[in-house]
1. Got a number for residues in the stretch 140-179 being more than 10 Å from the chain's Cα centre (by Cα), within 12 Å of ligand 1 (Cβ to nearest atom) and small (Gly, Ala, Ser)?
2. Hey, can you tell me all the residues within the stretch 1-31 that are small (Gly, Ala, Ser) and not in a strand (DSSP E or B)?
3. Looking for something under 21 Å from Thr272 (Cα atoms) and surrounded by 19 or more Cβ atoms within 10 Å (Cβ to Cβ) - is there at least one such residue anywhere in the stretch 346-361?
4. Of the numbered conditions (1) in the same structural domain as Tyr37 (by TED's automatic domain parsing); (2) under 19 Å from Gly333 (Cβ atoms); (3) not charged (D, E, K, R), Ile212 satisfies every one except a single condition; which is it?
5. Looking at Ala189, Ala159, Ala226, Ala150, can you tell me which residue is more than 27 Å from Leu322 (Cα to Cα) and surrounded by fewer than 17 Cβ atoms within 10 Å (Cβ to Cβ)?
6. Could you check how many residues of the stretch 171-185 are surrounded by 23 or more Cβ atoms within 10 Å (Cβ to Cβ) and among the β-branched types (Val, Ile, Thr)?
7. Scan the stretch 100-132 residue by residue and report those that are within 11 Å of ligand 1 (Cβ to nearest atom) and either among the small types (Gly, Ala, Ser) or on the phi > 0 side of the Ramachandran plot (or both).
8. Could you identify the single residue in Gln157, Gln173 that is in contact with a Gly (Cβ under 8 Å, 6 or more places away or on another chain), within 16 Å of ligand 2 (Cβ to nearest atom) and in the same structural domain as Ala42 (by TED's automatic domain parsing)?
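The values are calculated or read from the model by the stated rules, or taken from the named source; none is laboratory data. Not measured: the values here are computed from a predicted model. Because the Cβ atoms are built from the backbone with ideal geometry, glycine has one as well, and the counts that use them run over all protein chains shown.
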Amino acid sequence: MRADRVADAFRRLFGDAPDGVWAAPGRVNLIGEHTDYNDGFALPMALPQSTLLAARRRTDGRLRLHSAQGDGRITELPVASLAPGSVKGWAGYPAGVVWALAEAGHPVAGADLHFDSTVPTGAGLSSSAALECAVAVAYDELYGLRLSGAALARIAQRAENAFVGVPCGIMDQMASVCCTAGSALHLDARSPEHHRHVPFDLRGQGLRLLVIDTRVAHDLGDGAYAALRQGCERAAALLGLPALRDLPPAELPRALHALPAELAPLVRHVVTENARVAEAVSRLREGNAAALGPILTSGHASLRDDYRVSCPETDLAVTAALDAGALGARMTGGGFGGSVIALVRAGREDVVGDRVTAAFAAAGHRAPRILTATPAAGARRLTPPPGSERQP
Ligand code: ADP
Ligand code: MG
């Protein structure tokens, strides 16, 4: 069992058994991209790929961090001296969560933490949220905080925004903490507490979801994301709205007319994308997951043509998947590379995967990595809680 292996590694590193092992998954977003920071809607699902964390509470205020995917060293930090920007590299994500908990007034102190993850990093599948959320759920238990899933997600987002310095919305962390197996998460970023679980029975409906990691991450991503966010905020201000989520679709044509040319396409994407989330949720509730196909594909066109966050590799993966008979496909995550999802009929996975791989080879791109995803559980404890008898 993976949890046992991670606990064994913890023992070798820190000399004692962990208090427990927790897991937090990566995610793909089915639809609702670049909507969370506009107070809008999204529909992510958790992946079976997850970050495991073996953790033990410490009473001396020291935080010791090690990752099987890190640089091989143990990073040691006094919790009292944590400050935004003070921790470089991967350790900033977990340290940021401890800082955010302390900053919010929670009585937290040190811990020994060892991570081991199967979430590909930098592939748009939210390995960063998995890392943060594993710490959030482990600390919640180790320090008896009893916070809600949405509260833990907010802490993890605050760590990424303020401590690491990445201006992400709340979707990734909400997906990692709050998803349930067999369901997608209908998220309203304005009130994350009121999320809903929407049954997403891929297998029962003869469907598969391919995740195609293009293995490219274009550098312009970071600055462009912040600029898009600012563009949306400027558009909302010009329209006199708290956020673009507050623009009803019926008023979109008038708004597009009134806005500067560079902002209009952003607004069109956000408004139509929120509508696509609502439509996808309706189709899923009717038990018609195949109807998601065209919704995904029009979402991709909107990201490509209006929001302009796709890139040649993601566009090619989408086109090749559709050519090979996928019901729909789109880039997922922030864009400028990362991953594409393709909804396919069961039995067509290999045909679609092979076609995408061949198209990449013909274009001179590195071979993509292709996974088949099922909606998995959100962050949770894997080892039995203290005091309970271990089942044989
Ligand atoms: P994504 O979240 O799409 O995977 P990000 O750039 O947001 O991409 O986050 C990736 C970063 O998160 C990595 O560069 C690394 O610093 C950190 N990270 C994620 N998972 C791990 C891990 N298991 N061990 C160490 N660092 C990790
Ligand atoms: Mg990330």
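1. Number satisfying all stated conditions: 3.
2. The initial filter retains those residues of the stretch 1-31 that are small (Gly, Ala, Ser), namely 3, 7, 9, 15, 17, 20, 23-24, 26.
Within the stretch 1-31, Ala3, Ala7, Ala9, Gly15, Ala17 meet the criteria.
3. From the stretch 346-361, those under 21 Å from Thr272 (Cα atoms) are none; that's our starting set.
The answer is no, given that none of the residues of the stretch 346-361 is under 21 Å from Thr272 (Cα atoms) and surrounded by 19 or more Cβ atoms within 10 Å (Cβ to Cβ).
4. Single failed check for Ile212: (1).
5. Details: Ala189 fails: surrounded by fewer than 17 Cβ atoms within 10 Å (Cβ to Cβ); Ala159 fails: surrounded by fewer than 17 Cβ atoms within 10 Å (Cβ to Cβ); Ala150 fails: surrounded by fewer than 17 Cβ atoms within 10 Å (Cβ to Cβ).
Among Ala189, Ala159, Ala226, Ala150, only Ala226 is more than 27 Å from Leu322 (Cα to Cα) and surrounded by fewer than 17 Cβ atoms within 10 Å (Cβ to Cβ).
6. So the first thing to find is which residues in the stretch 171-185 are surrounded by 23 or more Cβ atoms within 10 Å (Cβ to Cβ), and the list is 171-179, 184-185.
Those left that are additionally among the β-branched types (Val, Ile, Thr): 177.
The number of residues fulfilling the criteria is 1.
7. So in the stretch 100-132, the residues within 11 Å of ligand 1 (Cβ to nearest atom) come out as 113-132.
Within the stretch 100-132, Ser117, Gly122, Ala123, Gly124, Ser126, Ser127, Ser128, Ala129, Ala130 qualify.
8. Numbers: Gln173 fails: in contact with a Gly (Cβ under 8 Å, 6 or more places away or on another chain).
Answer to the check: Gln157.
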